[in-house]
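Structure first, then comments.
Read-outs: derived from the displayed coordinates by stated rules, not from any lab. None of these values were measured; they are calculated from a predicted model. Glycine gets a Cβ as well: all are built from the backbone with ideal geometry, and neighbour counts include every protein chain shown.
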Amino acid sequence: MKEKLIKLGLNDRIFKEFKDNFRDLYLGRVVAEYKGLYKIATEEDIILAQVSGKMVHNVVSKSSYPAVGDWVVVDRTSNSTGNGQIHWIFPRKSVLSRKVAGKQLNEQIIVSNIDTIFICMSANKDFNPRKLERYISIGWNSGAMPVIIITKIDLNHDIENIKNEIAKIAIGLEIIYFSSITGEGFDELIKYTTSGKTIAFIGSSGVGKSTLINVLLGENKQKVNDIRLEDDKGRHTTTHRELMVLPNGCMVIDTPGMREIQLLDESAGVDDSFKDILELAKKCKFSDCRHDKEPGCAVLAAIDEGIISKQRLDSYNKLKRETEYIKRKLNKKSKSK
Ligand SMILES: Nc1nc2c(ncn2[C@@H]2O[C@H](COP(=O)(O)OP(=O)(O)OP(=O)(O)O)[C@@H](O)[C@H]2O)c(=O)[nH]1
Ligand SMILES: [Zn+2]
């Protein structure tokens, strides 16, 4: 009895872990988040639940709280006797997180367990390679597969220029050139939307994410409403984050709150997005070369030869400094614990 959950992306590993460790409890996926309350799809029904007292007690950071996309263990499959309690969150296979404002550096999970993360940037004058690099790092860092979508290509007649720019940045990534108006790129996008998979979109405000998601949803809004829920007073509640099911069974997490995410975490994502610089750096004369003024620097030589741009190196250095700063802070924090 887990057909519904398989449709929501349940895999054998989580199901086995659940079976082996929990009795008289139920498995579910967080499909929406409200203030302190979560909407959870279970095999039976969709319920509202909050974090159990014991879980609250064990919270070490904001990341210990559930997020949309999480697989959780709950104590019921119906709200007939009140709201449920969440007892456990299964380890996340991918996360989009952000630094939380405040004195302490804290990680907040925005969405989890996504398979593909679409990085959206528009083809008009807002196109910005440096910003794209940042988003690619975030994408790699999430653990999901990043795919780039260049939106609004109907507005730009110099796509060749953008293609040239991107070729230098998006190494090893698929790029979809998309227009919600002409429908171009739709077939390529749809390839990624398969049943049981979860996708999410990031990118600056106004690049066309909502329009694109609406195109994906098509006329079949009914399916989406299946997992909408009324609150205790029968109102349709609005939420910041919500997982929606497309007509073909693919899940989309739409998160208006995650437009401009900052980097968090070690440099893994940065290194993945700057493989060209890392390759060149192996040929620098000094192993600790900072590619600044050092003699025999292969990276600077490549810039001189026009193989990579100075801006790309600057961007790399900036992101590196940022992640190293975060690493130091996190180290300090864990030492003081
Ligand atoms: N020309 C053109 N305009 C588009 C396209 N896609 C979206 N737009 C327009 O761009 C504007 C912003 O689109 P949205 O879909 O709201 O952008 P968004 O990324 O969801 O923005 P936020 O919700 O603020 O994050 C709207 O006026 C859309 O009509 C496109 O492919 N071509
Ligand atoms: Zn160097």
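Extension gain for Asp75 to Asp12 (0.36 nm times residue separation, less C-alpha to C-alpha distance): 20.6 nm. Pop the C-beta distance of Arg290 and Lys163 into the FRET formula with R0 = 35 Å and round what comes out to the nearest 0.05. FRET efficiency, Arg290 to Lys163: 0.65. Extension gain Lys4-Lys275, at 0.36 nm per residue separation less the Cα-Cα distance, in nm? The span from Lys4 to Lys275 would gain 93.5 nm if fully extended. Sorting Ser204, Ser63 by the number of Cβ atoms found within 10 Å of their own Cβ, with the fewest placed first, yields Ser204, Ser63. Greater than 19 Å separation of Cα atoms is the criterion. Which listed pairs, Lys152/Lys320; Lys62/Lys93; Lys7/Lys209; Lys125/Lys152; Lys35/Lys62, meet it? Going by Cα-Cα distance, Lys152/Lys320; Lys7/Lys209 fall outside the 19 Å limit. Of interest is the spacing of the C-alpha centroids, which for segment 105-133 and segment 13-68 amounts to 26 Å.
Residues whose amide H lies under 5 Å from that of Met145, counting only those 5 or more places away or on a different chain, are Thr116, Ile117; hydrogens are built 1.01 Å from N in the peptide plane. Length gained on full extension, Asn248 to Lys62, computed as 0.36 nm times the residue gap minus the Cα-Cα distance: 63.6 nm. The GluC sites (Glu not before Pro) of segment 30-77 that meet both conditions, a loop assignment by DSSP and at most 16 other Cβ atoms within 10 Å of the site Cβ, are Glu43, Glu44. Counting beta carbons within 10 Å around each of Ser142, Ser210 and listing the fewest first gives the order Ser210, Ser142. Between Asp154 and Asn83, the modelled label-to-label distance comes to 4.3 nm, taking each label 7 Å out from Cα in the direction of the beta carbon. Computed from backbone phi with θ = phi - 60° and the Karplus coefficients 6.51, -1.76 and 1.60, the 3J(HN,Hα) list for segment 162-171 is 5, 4, 5, 4, 5, 4, 7, 10, 8, 6 Hz; x is used for glycine and proline.
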